Amino acid sequence: MKLAVITDSSAFLQAETLRKEDLFVLDIPVNIDGQEYVEGVNLTAQEFYEKMARSSELPKTSQPSIAKLDEILSSLKEKGYTHVLGLFLSSGISGFHQNIQYMTDEFEGLRIAFPDTRITSAPLGFMVESVFQWVEQGDDFESILEKVTEQIEHTSAFIMVDDLDHLVKGGRLSNGAAILGNLLSIKPILYFNDQGVIEVYEKVRTEKKATKRLVEIVKEATSNGNYRITVIHGNAPQKAADLRQLLIDGGVATDISIATFGSVIGTHLGEGSIALSYTPIV
């Protein structure tokens, strides 16, 4: 088996993973004031938040290019690949996953699977990294699919945002009644539900209480098993460091990494957002 792994630029990937020759990453462009950018090409995460703050309207994101995916898939067979695993951002926040299903049977000689990850950012990156570990262990394709499915089933992320404007305007918050949170000084805790859609999980009165609750939720969710827990932030490194310390002090885990929300997710969550994600280590 020669396996190609394809993902998109919403995944938070380690530098070492990005260097793997069997990894292909589809760009998700972000449009700020009529100008198109691709993070890592002509935009850093830092520049993105600066530009978003100065922009008169919210940035817009496009889907990854289906034509580019088609081009990659067409070239893989010639390169000797036999299997393809595509792990892309949640179908709950992008139509891309649904739009590419027809391609799984289009390429003779390639066994292609595009499971819905129902997540994005650091957990998506960890799934991609896990696949490469399983390949190195000698796992076959069916076994890898089973393991990634197990990760998908038990992965989630809980999120606090500074304001709900981005999510509501971007149409990415399923239960929009939560917009009241802005008016009533409520700090909603959002999450990726089991369909991969962002919705309100709970409403809490203050940020301090919401942060404490975030820790409780993740502690409970990860008590039975071994999980990769990550603090993810939208240009709020101090908030992230404080939350990480709370998790360590609360005995949730000792090994907790910090990741950043890049432009794709930052567009929907806004600056100052913070999230806790967990994915089983399989």
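A short reminder: the numbers here are calculations on the coordinates, not readings from a lab. Small disclaimer: the values here were computed from a predicted structure and weren't measured. Note that each Cβ is placed from the backbone with ideal geometry, even for glycine, and that neighbours are counted across all protein chains shown.
Free of any trypsin sites (Lys or Arg not before Pro) that DSSP assigns to a loop and that have at most 12 other C-beta atoms within 10 Å, the longest stretch within the chain is 80-204. Scanning the chain for DSSP H helices at least 20 Å long along the axis (C-alpha atoms) with a Kyte-Doolittle mean no lower than -1.0 picks out 121-137, 207-221. Averaging the Cα positions of each part gives two centres, and for the range 229-257 and the range 1-53 these lie 24 Å apart. Close amide H pairs (under 5 Å, H built 1.01 Å from N) link Tyr201 with Ile189, Leu190, Tyr191, residues at least 5 positions away or on another chain.
When only Cα pairs below 8 angstrom with a gap of at least 6 residues are kept, the chain shows a relative contact order of 21 percent.
A cut-off of 5 Å between modelled amide H atoms, ignoring neighbours fewer than 5 places along the same chain, links Leu43 with Val38. The GluC sites (Glu not before Pro) of the range 54-144 meeting both criteria, a DSSP state outside H, G, I, E and B (loop) and at most 15 other C-beta atoms within 10 angstrom of the site's C-beta, are Glu57, Glu78, Glu106, Glu108.
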